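The values are calculated or read from the model by the stated rules, or taken from the named source; none is laboratory data. Note that the structure is a prediction, hence the values are computed from the model and not measured. Positions of Cβ are generated from backbone atoms using ideal geometry, with glycine treated the same way; all protein chains shown enter the neighbour counts. Each accessible area value is taken on the protein alone, full model and side chains, heavy atoms only, with ligands, DNA and RNA left out. Shrake-Rupley method; radii C 1.70, N 1.55, O 1.52, S 1.80 Å.
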Amino acid sequence: MAFKDTGKVVKIATIGIIIYLLCFGIAMAFFPVRPFWNDEWRLIYNLKFKNISQLWGTLDLLQQCPRVYLTMLKKINSSFDYSYTSMRLPALITSVASILFVFYLKRKIFPVSPVYGCLFVLILISSQTFTDYLVQVKQYEMEIFLCLLALWQLMTLLEICKEGPPGNKYKYLLLCFSFLAAPFFSYTYPIAVTPVFLIIILNSVISLKNDPLKKNKAQFLLSLYLPLAIVSVSILIFYWIDVKQLMADNRMYLSYRRMLGNEKGENHFIENFWKLFALVGSGLLYEIIFGILGIASFFYGIYNLSRIKKRDYTTEDHFKLYGILLLGLTLCLFLSGKLMGSVARLTAFTVPSISILIVSFFRDLKEIYSFPKLADTLATILFIGLFGNIISTCINTFTYPEYHDRIETYWHISQALKQARLSKIPILFTDGVRGVTDGIHGNRIKEYAPVPGKVSSHTITPEQIAGADTLCAEVILKVNPEYKVWDSIPVYLIPDMKWTDVYMNQLPVEFKSAIATDGINFIKLTR
């Protein structure tokens, strides 16, 4: 493919696939077509049933989330009665901001390479975390946005290094404010901003060495180091009021280890190193491709920068240095056990850096080493895979095997809760509200009930609150948007739908009727 003749086509196709993804996200945010799932249930439970001061303490159900971001979600959701859209929309808005931001960065980092610049954009937007969490009630879209912010902060400080004290005071104030606020919204931003310190300190030393009689030296150093001082203080405060709770949460750490089949806590560094790059792609083939290309680009970047004098670095070289330093820091955190590897969402902050290194590798392969066909072929393979991943992700969201049962369960629970609330009667529910449980669909639980059991209430036990790996049905029922905090109804767990008359008679005498549901069906009962 002659890439110089395809710039407009690639740009149009890139914009088209992004519009497709955003339409998909808007549909999921405004229409209840994507049921909530395990991690979302857990975080929504904290949002609905804890006040703001309680959110700054220990969270229930094995959850951690930056408390400022969580407080913002609480205020938004409580203002809209914890509706489906109010829970889906914040992540989507953050995703849109990331898309606009990455296009801006593309023009700055790769100004003369429109095709490869589009590749930089698509690697981020098609990455597993970005597409999976597009509308989810989690913090990962915010973390992706803030790792892009760290790149802009680096770029702005490099401009000061090159041009002297900033002329645009408003831009400088925005820079300082971004350094002040960003740490409080992400657990990974302090990692993402660390290489900025090293690069700016190095560049300021080089700048003064090259021009020892530099005018306004004190103002120059102040304009560079004031933002770094601000972010240092913010990170320290953030650690004191928030991060130390995360670091002390052994429950979550052990849960992740069980999920990864690593209950002994063994440090699988080689596996983590491979997956840091491989999990940028989706599907076995593209995980292998990204694993090989990512690692090759990482080591090539180290080799390439080692041959360039620091004073001769271009803007792109500084971003490559940033990427190498960030990935090196991430690998050190893997080795020390301070960061869990092999989980794409926990290392999503490295995706822009990996993307920069891969794109730069392709450019050098084409322009410096004169392998244009190889570079263009590899880029074409990536473009096809990235476009295909976005399309298939949208399709798979509504076609995976359990989707029909999960969305049907979600809709029917919503209807049952609404009817019970409007009628001011209790709701009886089975474990079927969790969807398929132990291989049994909710509406088939009655087939496994030869004799009636007992009605239970208050089934959210201290063990559940402390963080059981399997959620009880009551949590799932209460996080449904149709369960209103301001107009709650009595809820009772029943073993099955086969003996509903017996269970109805076990309720307190003041209840003459109730709604019973197994997640698939719901009926009204009377004494």
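Inspect all residues belonging to segment 110-121 and state whether any of them is closer than 24 Å to Pro227 by Cβ and either at pLDDT 95 or above or touching a helix residue (DSSP H, G or I) at 6+ places or on another chain (Cβ under 6 Å) (or both).
Checked against the condition, which is being closer than 24 Å to Pro227 by Cβ and either at pLDDT 95 or above or touching a helix residue (DSSP H, G or I) at 6+ places or on another chain (Cβ under 6 Å) (or both), segment 110-121 yields no hits at all.
Given Tyr403, Tyr410, Tyr322, which one is open to solvent by less than 20 Å² (accessible area, probe 1.4 Å), over 20 Å from the mean Cα position of the chain (by Cα) and either at positive phi or hydroxyl-bearing (Ser, Thr, Tyr) (or both)?
It is Tyr322.
Considering only segment 417-432, state which residues are at pLDDT 95 or above and more than 20 Å from Glu510 (Cα to Cα).
Selection gives Lys418 alone.
Given the conditions (1) closer than 25 Å to Phe238 by Cβ; (2) of a type in the set (A, V, I, L, M, F, W, C); (3) buried (at least 22 other Cβ atoms within 10 Å of the Cβ), which single one is not true for Ile93?
Here Ile93 meets the rest and fails (3).
Here is a list of conditions, (1) of a type in the set (Phe, Trp, Tyr); (2) more than 30 Å from Arg34 (Cα to Cα); (3) under 23 Å from the mean Cα position of the chain (by Cα), and Tyr300 meets all of them except one; can you say which number that is?
(3)
Yes or no: segment 213-229 includes at least one residue that is open to solvent by less than 40 Å² (accessible area, probe 1.4 Å) and either within 13 Å of Pro190 (Cα to Cα) or within 22 Å of the chain's Cα centre (by Cα) (or both).
yes
Does any residue in segment 352-376 that is open to solvent by 20 Å² or more (accessible area, probe 1.4 Å) come within less than 7 Å, Cβ to Cβ, of a residue that is part of a helix (DSSP H, G or I) and of a type in the set (Phe, Trp, Tyr) six or more places away or on a different chain, and which pairs are these?
Final answer for the pair search is Phe361/Tyr300; Arg363/Tyr116.
From the list Asn210, Asn216, Asn168, which one is free of Cβ contacts under 8 Å to residues at least 12 places away in the same chain and polar (S, T, N, Q)?
Selected residue: Asn168, the only one of Asn210, Asn216, Asn168 that is free of Cβ contacts under 8 Å to residues at least 12 places away in the same chain and polar (S, T, N, Q).
Quick one: is Phe197 in a helix (DSSP H, G or I) and closer than 30 Å to Ala248 by Cβ?
Against the criterion (in a helix (DSSP H, G or I) and closer than 30 Å to Ala248 by Cβ), Phe197 qualifies.
Kindly list the number of the only condition in (1) open to solvent by 10 Å² or more (accessible area, probe 1.4 Å); (2) not in a loop (DSSP other than H, G, I, E, B) that fails for Pro165.
Condition not satisfied by Pro165: (2).
Quick one: how many residues across segment 484-513 are open to solvent by less than 20 Å² (accessible area, probe 1.4 Å) and assigned to a loop (DSSP other than H, G, I, E, B)?
The total comes to 4.
Filter segment 39-55 down to the residues that are touching a helix residue (DSSP H, G or I) at 6+ places or on another chain (Cβ under 9 Å) and open to solvent by 40 Å² or more (accessible area, probe 1.4 Å) and list them by number.
Residues satisfying the conditions are Trp41, Phe49, Asn51, Ile52, Gln54.
Counting only residues that are assigned to a helix (DSSP H, G or I) and modelled with pLDDT of 95 or more, how many does segment 19-39 have?
Adding up the residues that qualify gives 12.
Just one of the numbered conditions (1) more than 24 Å from the chain's Cα centre (by Cα); (2) without any contact (Cβ under 8 Å) to a residue 40 or more places away in the chain; (3) buried (at least 21 other Cβ atoms within 10 Å of the Cβ) is not true of Leu157; which one?
Just one mismatch for Leu157, condition (2).
Table: residues versus (1) part of a helix (DSSP H, G or I); (2) open to solvent by less than 40 Å² (accessible area, probe 1.4 Å); (3) closer than 26 Å to Glu159 by Cα.
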position	(1), (2), (3)
Glu287	yes, no, no
Phe290	yes, yes, no
Ile302	yes, no, yes
Ile308	no, no, yes
Gly328	yes, yes, yes
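Within segment 59-82, is there a residue that is over 15 Å from the mean Cα position of the chain (by Cα), under 23 Å from Ser234 (Cβ atoms) and outside any helix (DSSP H, G or I)?
Yes, segment 59-82 contains a residue that is over 15 Å from the mean Cα position of the chain (by Cα), under 23 Å from Ser234 (Cβ atoms) and outside any helix (DSSP H, G or I).
All but one of (1) assigned to a loop (DSSP other than H, G, I, E, B); (2) closer than 30 Å to Ser79 by Cα; (3) among the β-branched types (Val, Ile, Thr) hold for Ile476; state the number of the condition that does not hold.
Tallying (1) assigned to a loop (DSSP other than H, G, I, E, B); (2) closer than 30 Å to Ser79 by Cα; (3) among the β-branched types (Val, Ile, Thr), Ile476 fails exactly one: (1).
Take segment 117-128 and flag every residue that is open to solvent by less than 10 Å² (accessible area, probe 1.4 Å) and either outside any loop (DSSP other than H, G, I, E, B) or touching a Cys at 6+ places or on another chain (Cβ under 8 Å) (or both).
Correct list: Gly117, Cys118, Leu119, Phe120, Val121, Leu122, Ile123, Leu124, Ile125.
Only residues that are in a helix (DSSP H, G or I) and either of a type outside the set (Ser, Thr, Tyr) or open to solvent by less than 10 Å² (accessible area, probe 1.4 Å) (or both): list them for segment 130-149, please.
Result: Phe130, Thr131, Asp132, Glu141, Met142, Glu143, Ile144, Phe145, Leu146, Cys147, Leu148, Leu149.
Suppose we filter segment 452-472 for residues that are out of contact with any Leu (no Cβ under 6 Å at 6 or more places or on another chain) and open to solvent by less than 40 Å² (accessible area, probe 1.4 Å); how many remain?
7
Residues Ala468, Ala449: which one is closer than 23 Å to Pro35 by Cβ and not hydroxyl-bearing (Ser, Thr, Tyr)?
Sole residue among the options that is closer than 23 Å to Pro35 by Cβ and not hydroxyl-bearing (Ser, Thr, Tyr): Ala468.
Say whether the condition of being in a loop (DSSP other than H, G, I, E, B) and under 30 Å from Arg107 (Cβ atoms) is met by at least one residue in segment 269-277.
No, segment 269-277 contains no residue that is in a loop (DSSP other than H, G, I, E, B) and under 30 Å from Arg107 (Cβ atoms).
Do we find a residue being closer than 17 Å to Met142 by Cα and open to solvent by 20 Å² or more (accessible area, probe 1.4 Å) anywhere in segment 15-28?
Scanning segment 15-28 turns up at least one residue that is closer than 17 Å to Met142 by Cα and open to solvent by 20 Å² or more (accessible area, probe 1.4 Å).
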